[in-house]
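Below is one structure; the comments refer to it alone.
The values are calculated or read from the model by the stated rules, or taken from the named source; none is laboratory data. All of these numbers come straight from a predicted model, not from anything done at the bench. Glycine also receives a Cβ, built like all others from the backbone with ideal geometry; neighbour counts cover every protein chain displayed.
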Amino acid sequence: MEERMQRLIDFLRTRNAPFLAASDWIAAHPELGHQEHEASRLWEGILREHGFTVTSSYGGYATAFCAEAGSASSPLVVFLAEYDALPEIGHGCGHNWSGAASALAGAALASLFPELPGSVRVVGTPAEETDGAKIGMAEAGLFDGVDLAMMIHAESARTQVVCKCLAMEGVEFRFQGKSAHAAASPWEGKNALNGVQLFFHALDMLRQHVRPEIRMHGIVVSGGAAPNIVPEIAEARFYFRAPRRKELDALLEQVWNCARGAALATDTTVTWRTYEKAMDDMVRNPTAERLMTEIIEGLGYPCSLPEEASGSSDVGNVSYRCPTLHVEMATVPERLVIHSREFAQAMTSPAAHASLLDAAQALATCGYRVLTDATLRERIRADFRIYRDKESEGR
């Protein structure tokens, strides 16, 4: 085991150049969700060069892929690779960094085959920032039977192994009114934008009476064509989040009433639809969390206690299908706000390069332990069953 681990580390330290270069290239050429054609092709090519068999357009997503190495279907570890960017600010979520860490970890682990049992996969998962390809992949059963799926997400000065995700629903509201000349005969019109405005106010009032961990935030998508026309159509999009699906469903019932009330008060009508697939909360796995904490702290990254959930990710949907880790790791020493231009710029710094190599080592080491220890796998699987059933009670 020690000899193999040393070879694993040697690979990470001596053969990382293509992965660091790819991370920087993707950072310099950001692509939005489902448009990551160059990023996915880049990772596919690099992984083929490292002995992987690659399936493009995986799960029906044009910019997804599955790269696999090994000779047996079980045991199986999966590294999740993200590479989509944010509008206007590029890789302010660090997906160039996290995708590279997963790809490098997979290549390092693959270099030990055929001496290891089972297989390793690097799965390219597009559009985490929007409708999350992992959701459809999970629904299709593509993670069923996986012994451990994992990734490390970029953070600034904080490392946290235990991930808490909020269940999330994206909803679009369309208010229908009646157009009229806004100066000559406004009494003939029914202002759809007024409906949207009142709906926003209603949600602000509702916010006073929900639990602190609830999140409601939205934007106006359309609000009329010209100032001298009473807006006939107005649309808004919202994200609604709660710690559990059951709590989210209860919140949505209140939201629907707010929408109905706003339409009634403005003499308009309202319809709504989900415009992105729903994201699940996260199923914990204490055995896997303890293993990863031991590994990461051994690399010099003290792990913080878990904080209350504040965001959402499609990795939550994966966690209901197989044991899953979604680690947040310090990439740079200074405190930076994610989803910012400053964070995007930091993702190609020397400090980010150094932490990327550590993240890849943590992932590869964890994957090695899972592949080679049947007792560990069974404990992880037992935790998965227990905690999935527990969380499912709140869905």
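Observations on the model:
- Of the residues making up the range 236-252, those that are touching a residue at least 40 places away in the same chain (Cβ under 8 Å), within 15 Å of LEU206 (Cα to Cα) and not in a strand (DSSP E or B) number 4.
- Considering residues of the range 165-201 that are aliphatic (A, V, I, L, M) and surrounded by fewer than 23 Cβ atoms within 10 Å (Cβ to Cβ) only, the residue nearest to ASP358 (Cα to Cα): VAL171
- Single unsatisfied condition, PRO333 versus (1) of a type outside the set (Phe, Trp, Tyr); (2) closer than 22 Å to VAL123 by Cβ; (3) out of contact with any strand residue (DSSP E or B) (no Cβ under 8 Å at 6 or more places or on another chain); (4) surrounded by fewer than 24 Cβ atoms within 10 Å (Cβ to Cβ): (2)
- Listed by first and then second residue, the pairs with beta-carbon distance under 6 Å, at least 6 apart or on different chains, first residue in the range 51-70 and over 19 Å from GLU139 (Cα atoms) and in the same structural domain as ASP84 (by TED's automatic domain parsing), second buried (at least 22 other Cβ atoms within 10 Å of the Cβ) and of a type in the set (Lys, Arg), are GLU68/ARG121.
- Each residue in the range 7-37 was checked for being farther than 22 Å from GLY118 by Cα, touching a residue at least 12 places away in the same chain (Cβ under 8 Å) and either part of a helix (DSSP H, G or I) or not assigned by TED's automatic domain parsing to the domain that holds GLU129 (or both), and 12 pass.
- Residues that are closer than 15 Å to HIS153 by Cβ and not small (Gly, Ala, Ser), drawn from the range 329-344: MET329, THR331, VAL332, LEU336, VAL337, ILE338, HIS339, PHE343
- Qualifying residue in the range 343-360 (condition: of a type in the set (Val, Ile, Thr), more than 30 Å from VAL171 (Cβ to Cβ), at pLDDT 95 or above and assigned to a helix (DSSP H, G or I)): no
- Flag: PRO231 matches the condition of being surrounded by 14 or more Cβ atoms within 10 Å (Cβ to Cβ), outside the structural domain of GLN160 (by TED's automatic domain parsing) and modelled with pLDDT of 95 or more.
- The single residue among VAL78, VAL146, VAL120 that is surrounded by fewer than 24 Cβ atoms within 10 Å (Cβ to Cβ) and in the same structural domain as PRO286 (by TED's automatic domain parsing) turns out to be VAL146.
- Residue, nearest to the chain's Cα centre (by Cα), within the range 202-216, restricted to residues that are exposed (fewer than 15 other Cβ atoms within 10 Å of the Cβ) and outside any loop (DSSP other than H, G, I, E, B): ARG207
- ALA85 falls short on exactly one of the conditions (1) modelled with pLDDT of 95 or more; (2) surrounded by fewer than 24 Cβ atoms within 10 Å (Cβ to Cβ); (3) more than 21 Å from GLU49 (Cβ to Cβ), and that condition is (2).
- Filter result for the condition that a residue is of a type outside the set (D, E, K, R) and surrounded by 24 or more Cβ atoms within 10 Å (Cβ to Cβ), over ALA140, ALA105: ALA105
- Every residue from the range 324-342 that is in a loop (DSSP other than H, G, I, E, B), farther than 11 Å from ALA352 by Cα and among the β-branched types (Val, Ile, Thr): VAL337, ILE338
- Some residue of the range 301-310 being in a helix (DSSP H, G or I), crowded, with 18+ Cβ neighbours inside 10 Å and not hydroxyl-bearing (Ser, Thr, Tyr): no
- Those residues of the range 206-218 which are among the hydrophobic types (A, V, I, L, M, F, W, C) and free of Cβ contacts under 8 Å to residues at least 40 places away in the same chain, in sequence order: ILE214, MET216
- Residues that are surrounded by fewer than 16 Cβ atoms within 10 Å (Cβ to Cβ), at pLDDT 95 or above and in contact with a helix residue (DSSP H, G or I) (Cβ under 8 Å, 6 or more places away or on another chain) occur in the range 18-37; there is at least one.
- Filter pass, VAL162 being surrounded by fewer than 22 Cβ atoms within 10 Å (Cβ to Cβ) and either touching a helix residue (DSSP H, G or I) at 6+ places or on another chain (Cβ under 7 Å) or of a type in the set (Lys, Arg) (or both): yes
- Residues satisfying the stated conditions in the range 226-235, i.e. touching a Leu at 6+ places or on another chain (Cβ under 7 Å) and assigned to a strand (DSSP E or B): ALA234
- Residue, surrounded by the fewest Cβ atoms within 10 Å (Cβ to Cβ), within the range 263-290, restricted to residues that are in contact with a strand residue (DSSP E or B) (Cβ under 8 Å, 6 or more places away or on another chain), closer than 30 Å to PRO302 by Cα and modelled with pLDDT under 95: VAL283
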